[in-house]
1. Mean residue ellipticity at 222 nm from the helices of the chain, using -39,500 (n - 2.57) per DSSP H segment of n ≥ 4 over the full residue count, to the nearest 500 deg cm²/dmol?
2. With the dipole of segment 26-178 worked out from charges on the C-beta (+1 for Lys and Arg, -1 for Asp and Glu) around the Cα centre, which of CYS95, PHE161, ALA132 lies farthest toward the positive end?
3. What's the extension gain from GLN112 to SER162 if we count 0.36 nm per residue and subtract their Cα-Cα distance?
4. Mind checking which aspartates and glutamates have their C-alpha under 14 Å from LYS154, skipping anything on the same chain fewer than 8 residues away?
5. Efficiency by 1/(1 + (r/R0)^6): what FRET value for GLN74 and ARG9, r their Cβ-Cβ distance, R0 = 41 Å, to the nearest 0.05?
6. Of ALA66, ALA143, ALA58, which is the most mobile in a GNM of the chain whose springs link Cα atoms less than 10 angstrom apart?
7. Using the Cα centre of the chain as origin and beta-carbon charges of +1 (Lys, Arg) and -1 (Asp, Glu), tell me which of PRO109, CYS52, GLY6 is placed farthest towards the positive end of the dipole.
8. Once the mean 1/r over all distinct Cα pairs of segment 1-150 is inverted, what Kirkwood radius in angstroms do you read off?
Amino acid sequence: MRIVAGQHRGRILESPENNLIRPTSDKVRLALFNALNSRGAVVDAIVLDAFCGTGALALEALSQGARQAILIDQEKSSLELAKKNAGILKETGNCVFLLKDSMKISSRPEQQNPATLCFLDPPYNKDILPKALQSLKDNGWLAEGCWIVAEMEKDYNFEGFSAEAEKTYGDTKILIGQI
């Protein structure tokens with residue numbers, strides 16, 4: 001797993017040692033970020049990666065010009081891996097790491113700017129997406145007009161989210177839209 005573009009292009013990230021984390025492939029990340037950059041969604045963004053796993057999505061965004069990344073995961077081992085990967089890229093100073101459940105997150109602290117780009121890539125087959133998006137919205141973590149990137153199993157129907165773009169890669173479907 002590597003950073004596919006930007007200032008850290010080609011840098012290798014640590015991969016998970018088990019199957020608890022399902023990182024977005026380099027190929028899919030490249031296509032995804034091409035779509036986001038064509039919409040002006042990355043440069044200067046405040047990025048929130050709600051199920052950060054390795055941190056690859058948020059760190060890719062920082063590599064491509066995002067201003068800050070908020071990495072959230074409820075699994076301590078995942079958050080530690082994301083911190084390690086941020087350290088590899090010397091991006092720790094541009095990151096906020098939160099050991100929290102995105103479906104039950106507390107209100108955004110006043111000093112933290114809301115996200116303008118949000119990645120939702122939860123475990124598959126658990127119907128987590130609607131609950132996580134609603135919790136993040138209700139608790140002030142997402143700015144008005146925030147870009148949402150939702151990754152899910154290809155046959156999942158994300159009720160209540162209107163996407164302007166949809167793409168399927170093998171068993172994975174990605175939706176992009178704004179709230």
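1. That calculation yields -7500 deg cm²/dmol at 222 nm.
2. So the residue we want is CYS95.
3. Additional length available on full extension: 15.3 nm.
4. ASP121, ASP127, GLU166, ASP171
5. Working from the Cβ atoms, E equals 0.85.
6. ALA143
7. Farthest towards the positive end: GLY6.
8. 15.0
Every number in this text was worked out from the coordinates using simple rules, so none of it is lab data. Keep in mind that this is a model prediction, so the values were computed, not measured. Glycine also receives a Cβ, built like all others from the backbone with ideal geometry; neighbour counts cover every protein chain displayed.
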